[in-house]
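> One structure coming up, written as structure tokens, with questions to follow.
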Amino acid sequence: MGIAGELSHWLPEDAGMPLREITLGDLLREQAERFPDQPALIFDEPQRRVEYSYRQLDREVDRLARALIAIGVERQARVAVMAPNSPEWVLLEYALARIGAVLVTVNPAFRQAELGYLLTQGDVSVLFAAAVFRDFSIAGMLAEMMPDLGGLEGAARNRPETYPSLRRVVALSDQPIVGALAFRDLLGLGEATTQEALAERILAVMPGDVAQIQYTSGTTGKPKGAMLTHRGTVNNARLAGRRAGYRPSDVMVSAMPFFHTAGCVCNVLGMAAVGGCLVAMESFEASRMLDLLERHRGTIVNAVPTMYVRLLQDEALARGRRDVSSWRIAYVGGTSIPPSLMLELKARIGCDPAIIMGMTETSPIITQTLPDEPLEEKVRTAGVPLPHVEIRIVDPETGTVVPLGRQGELQIRGFLVTAGYYAMPEATQAAIDPQGWLRSGDLAVMDEAGHLRIVGRIKDMLIRGGENVYPVEIEDRLLEHADIAEAQVVGVPDAEMGEEIFAFVVARDGCTVDADALKSWCKAHMARHKMPRHVAVIETTPKTANGKVRKVELRDLAKRMIEEDRA
């Protein structure tokens with residue numbers, strides 16, 4: 001199908017690839033039978049190397065699944081995982097899905113208030129946690145949050161008064177958490193669960209069941225737990241991989257965090273869907289990622305634009321001392337993806353960009369570029385909808401579908417849309433209408449070929465002198481500057497114009513940016529009403545736990561800087 005006449009409405013296509021009624025656990029089992037000895041998962045860190053074939057991964061998942069049943073993890077029980085990327089994280093993703101429990105992803109950078117909210121609002125019954133993350137003691141934080149945790153042998157019946165649903169904490173690393181069950185000891189408990197009991201639990205899991213809860217970043221209001229299903233995540237990974245041209249021989253190297261859909265869906269399930277191999281990093285470091293690409297002959301990288309900037313700045317790569325000739329796909333998402341960056345990747349590395357647009361609430365990918373499109377066109381949009389995905393762009397005030405080329409709110413419908421926000425019926429109703437359309441809050445434009453371009457957030461729009469200004473348009477233009485790695489634009493009150501434009505920029509490594517010189521550059525490269533009145537060069541932008549820029553903090557900073565200048 002595709003475009004509906006002259007309106008910004010894309011009708012779903014199947015592209016010869018029907019949706020599958022399948023669970024995460026069944027997907028892994030299938031691939032273990034098809035590719036038993038093929039590498040599925042590799043962690044190649046300086047302190048630890050782990051490699052699983054598909055057969056080995058499937059067996060370890062069964063072993064962990066039996067242990068989870070042994071400690072009383074029931075069907076649809078919510079189990080939180082708070083740890084950096086690790087082999088155990090992937091085992092838990094599959095094992096919880098295999099027995100019909102729900103994975104609740106937690107950023108290991110969370111502090112007490114953030115974790116406490118999630119444990120309470122999500123009715124979490126078991127918490128798997130690393131003892132330390134980036135020199136911060138999670139174990140110490142848990143001791144403060146749960147003073148009654150330490151005195152319980154194995155924490156077998158732990159129910160801290162503050163978190164009434166929580167029954168157990170499991171330490172997910174070699175470093176202990178006082179009062180928590182060690183992961184290796186947990187695995188030993190699985191002997192108490194029979195294969196028959198495991199098989200019974202597996203048979204009870206349905207594709208429409210919730211597989212995981214991903215909490216939104218909470219830039220406005222309280223974070224909401226988006227419930228994603230087996231059907232939504234597995235099919236999303238299948239269709240996106242098919243669109244990008246993934247193969248069983250592919251090796252993806254990525255540091256995208258598992259607590260985000262980019263890691264646990266796009267990476268873990270994206271490779272599993274084709275029988276490929278994921279080389280996962282605990283955290284991003286440019287030279288190390290390039291080392292892994294060379295060592296494992298990586299063919300795909302999934303990263304955000306700032307990561308690609310760092311990769312291209314690698315000294316050995318710049319001097320031609322790297323062999324990354326196997327790298328063929330650069331997977332990237334976000335609203336500010338500089339076309340120049342993608343063109344530079346193609347020119348210097350030879351890899352083709354695969355650009356996506358997604359949301360946590362859509363499992364996550366909505367649109368993706370087509371591989372055979374001309375490069376110059378491909379790098380300037382977020383592609384067209386995946387098969388079986390329907391989108392439309394509507395007037396935010398009237399709700400009517402707008403003509404092609406006109407801005408409006410992006411709305412999405414189909415298998416990928418969240419089952420709702422956990423224990424938040426009002427928020428669910430506000431986000432998803434009775435016909436199943438998810439309101440994204442994104443301002444977008446669709447062209448005559450169905451390509452989607454995000455131009456901003458409805459709440460981010462500012463009005464300067466009576467003209468609507470969308471920050472993302474200015475940010476995209478600023479990112480074309482050769483010395484700028486990151487750009488963020490906010491509106492600040494102004495007595496004459498109503499609102500004025502304030503731009504924050506972060507320089508690329510080894511580069512300097514002069515604010516006055518940048519204003520002159522803006523004068524030559526953008527329309528007058530979009531030119532920033534104020535420019536500040538900062539070292540880093542404030543971000544939420546999920547990596548989204550906190551524009552609220554930038555607005556406050558901008559106001560303070562203006563007041564200081566006036567003083």
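> When residue 166 is evaluated against the numbered criteria (1) out of contact with any Pro (no Cβ under 7 Å at 6 or more places or on another chain); (2) at pLDDT 85 or above; (3) not β-branched (Val, Ile, Thr), which criterion, by number, is the only one it fails?
Just one mismatch for residue 166, condition (1).
> Report whether or not residue 59 is without any contact (Cβ under 8 Å) to a residue 40 or more places away in the chain, closer than 24 Å to residue 197 by Cβ, over 25 Å from the mean Cα position of the chain (by Cα) and surrounded by fewer than 16 Cβ atoms within 10 Å (Cβ to Cβ).
Yes; evaluated as a whole, the condition is true for this residue.
> Evaluate the following for residue 40: is it crowded, with 24+ Cβ neighbours inside 10 Å, within 23 Å of the chain's Cα centre (by Cα) and either of a type in the set (Val, Ile, Thr) or closer than 25 Å to residue 270 by Cβ (or both)?
yes
> Further question on the same structure: Cβ contacts < 9 Å: first residue closer than 14 Å to residue 222 by Cα, restricted to segment 109-131; second residue among the hydrophobic types (A, V, I, L, M, F, W, C) and assigned to a helix (DSSP H, G or I), any location; separation 6+ or different chain. Result?
Short answer, once both residue conditions are applied: 115/138; 115/141; 115/142; 115/145; 116/145; 119/145.
So that you can scan it fast, the table gives a plain yes or no per residue for (1) modelled with pLDDT of 95 or more; (2) more than 16 Å from residue 414 (Cβ to Cβ); (3) part of a strand (DSSP E or B):
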residue	(1), (2), (3)
219	no, yes, no
228	yes, no, yes
233	yes, no, no
243	yes, no, no
253	yes, yes, yes
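> Just the residues that are touching a Gly at 6+ places or on another chain (Cβ under 9 Å), of a type outside the set (D, E, K, R) and in a strand (DSSP E or B), please, taken from segment 495-535.
Matches in segment 495-535: 498, 501, 502.
> Next question, about the same structure. Mind counting the residues in segment 198-214 that are in contact with a helix residue (DSSP H, G or I) (Cβ under 6 Å, 6 or more places away or on another chain) and either at pLDDT below 95 or more than 15 Å from residue 22 (Cα to Cα) (or both)?
Final tally of qualifying residues: 2.
> In the set 154, 188, which member is modelled with pLDDT of 95 or more and over 30 Å from residue 21 (Cβ atoms)?
Result of the check over 154, 188: 188.
> Check off (1) more than 22 Å from the chain's Cα centre (by Cα); (2) closer than 28 Å to residue 20 by Cα; (3) part of a helix (DSSP H, G or I) for residue 372 and give me the number that stays unchecked.
Failing condition for residue 372: (3).
> Would segment 385-402 turn up any residue that is closer than 24 Å to residue 354 by Cα and loosely packed, with under 15 Cβ neighbours inside 10 Å?
no
> Check every one of the strands (runs of 3 or more DSSP E) wholly within segment 1-91 and list those with 3 or more residues that are under 21 Å from residue 248 (Cα atoms) and assigned by TED's automatic domain parsing to the domain that holds residue 167.
39-45, 48-53
> Further question: Considering each residue of segment 164-189, count those that are crowded, with 19+ Cβ neighbours inside 10 Å and of a type in the set (Gly, Ala, Ser), and give that number.
Selection size over segment 164-189: 4.
Residues are listed down the side, and each one gets a yes or a no for (1) surrounded by fewer than 24 Cβ atoms within 10 Å (Cβ to Cβ); (2) touching a strand residue (DSSP E or B) at 6+ places or on another chain (Cβ under 7 Å); (3) over 18 Å from residue 193 (Cα atoms):
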position: 67; (1), (2), (3): yes, no, no
position: 81; (1), (2), (3): no, yes, yes
position: 96; (1), (2), (3): no, yes, no
position: 102; (1), (2), (3): no, yes, yes
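> Mind telling me which of the residues 330, 347 ends up being among the small types (Gly, Ala, Ser), in a strand (DSSP E or B) and more than 16 Å from residue 449 (Cβ to Cβ)?
330
> While we're looking at this one, here's another question. Of all residues in segment 164-204, how many are part of a helix (DSSP H, G or I) and hydrophobic (A, V, I, L, M, F, W, C)?
Total satisfying the criteria: 11.
> Right, next: Could you please find all residues in segment 167-224 being among the polar types (S, T, N, Q), under 29 Å from the mean Cα position of the chain (by Cα) and within 19 Å of residue 77 (Cα to Cα)?
Within segment 167-224, 212, 214 meet the criteria.
> Surrounded by 17 or more Cβ atoms within 10 Å (Cβ to Cβ), within 13 Å of residue 163 (Cα to Cα) and touching a helix residue (DSSP H, G or I) at 6+ places or on another chain (Cβ under 9 Å): which single residue out of 106, 126 fits that description?
After ruling out the rest, the residue left standing is 126.
> Cβ-Cβ below 7 Å, separation at least six or inter-chain, first residue in segment 272-301 and in a helix (DSSP H, G or I), second of a type in the set (Lys, Arg): which pairs?
286/310; 290/322; 294/322
> So, residue 410, is that one assigned to a strand (DSSP E or B), modelled with pLDDT of 95 or more and not assigned by TED's automatic domain parsing to the domain that holds residue 77 or not?
Judged against the criteria, residue 410 is a match.
> Do you know which of the residues in segment 294-306 that are buried (at least 20 other Cβ atoms within 10 Å of the Cβ) and of a type in the set (A, V, I, L, M, F, W, C) is farthest from residue 279 (Cα to Cα)?
By that ranking, first place goes to 303.
> Grab the strands (runs of 3 or more DSSP E) fully contained in segment 416-494, keeping just those with 3 or more residues being touching a residue at least 24 places away in the same chain (Cβ under 8 Å) and over 24 Å from the mean Cα position of the chain (by Cα).
It comes to 462-464, 484-494.
> Here's something else I'd like to know. Where residues in segment 1-37 are among the aliphatic types (A, V, I, L, M) and in contact with a strand residue (DSSP E or B) (Cβ under 7 Å, 6 or more places away or on another chain), which of them is surrounded by the fewest Cβ atoms within 10 Å (Cβ to Cβ)?
Looking at the filtered set, the residue picked out is 1.
> Which condition breaks for residue 145 when tested against (1) more than 30 Å from residue 44 (Cα to Cα); (2) over 24 Å from the mean Cα position of the chain (by Cα); (3) surrounded by 20 or more Cβ atoms within 10 Å (Cβ to Cβ)?
Single failed check for residue 145: (3).
The values are calculated or read from the model by the stated rules, or taken from the named source; none is laboratory data. This is a predicted model, so every value here is computed, not measured. Because the Cβ atoms are built from the backbone with ideal geometry, glycine has one as well, and the counts that use them run over all protein chains shown.
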